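Here is the structure we will look at, set down as structure tokens.
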Amino acid sequence: MDFRSNEGPTVSEHADTCTTRFYIEKEELRGETMGGYLELFSRFRLEPGTRLEPHSHNSDELYYLLSGRAQMQVGDETAHLAPGDLVRIPPNAVHSIWPVGDEAIEALAIGFSYMPEDRIGYTAHPIGGEPYWVPHDKRSASDPVPSQ
């Protein structure tokens, strides 16, 4: 797991018109991410007492915690997250996140994928069960989201 705290240094940029905190430095991951594409940029919410289904996919994924406190597991590593923290999940690593305490969490997820067009989806790793493939559906952004 690549954990980046919100406590990092800042720099002044663009003729001193903004202050920037680089969670990932410019060009830092170029070699590791060549040949990928932007798979997703989403905001998600998890209620207290829930846990994101452990899963993996051939994507680099970033989780940026917006609110609440969370615990993140990537492979055998865990980290406690506070708002403003960032976690990079490497390709094919089993990962999950869940709220800590009585407050829901909200986070951004950004994925850069290396999956071929005929193999888009993820592998679910249910706790105590066997892994299985879950293909992404092909609904458009204007289609209604199925109820859970």
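The values are calculated or read from the model by the stated rules, or taken from the named source; none is laboratory data. Keep in mind that this is a model prediction, so the values were computed, not measured. All Cβ positions, even for glycine, are placed from backbone atoms using ideal geometry, and neighbour counts span all protein chains on display. Surface accessibility is based on the protein's heavy atoms, side chains included, excluding ligands, DNA and RNA. Shrake-Rupley method; radii C 1.70, N 1.55, O 1.52, S 1.80 Å.
Residue 22 accessible area, nearest 10 Å², 1.4 Å probe?
So the heavy atoms of residue 22 present about 60 Å² to solvent.
How large is the accessible surface per residue of the chain, computed with a 1.4 Å probe and reported in Å² as a whole number? The partial results should precede the final answer.
Working: 9200 Å² over 148 residues.
That works out to 62 Å² for each residue.
Can you give me the relative contact order of the chain as a percent, contacts being Cα pairs under 8 Å and 6 or more apart?
Working: 301 pairs, mean separation 41.9, N = 148.
Here the relative contact order equals 28 percent.
Using a probe of 1.4 angstrom, how much of the accessible area of the chain is carbon and sulfur, in percent?
Values: 4810 of 9200 Å².
Reported share for carbon and sulfur atoms: 52 percent.
Quick one, which of (i) 1.12; (ii) 1.00; (iii) 1.05 is the actual Cα Rg over 2.2 N^0.38 Å calculated for this model?
Answer label, from the structure shown: (i).
Taking the Cα centre of the chain as origin, work out the dipole magnitude from +1 charges on Lys and Arg Cβ and -1 charges on Asp and Glu Cβ, in debye rounded to 20. Walk me through the numbers before you get to the answer.
On the way: 12 positive and 24 negative charges, 46 e Å.
With Lys and Arg at +1 and Asp and Glu at -1, about 220 debye.
With every protein chain present, what accessible area does residue 1 have (1.4 Å probe, heavy atoms only), rounded to the nearest 10 Å²?
50 Å²
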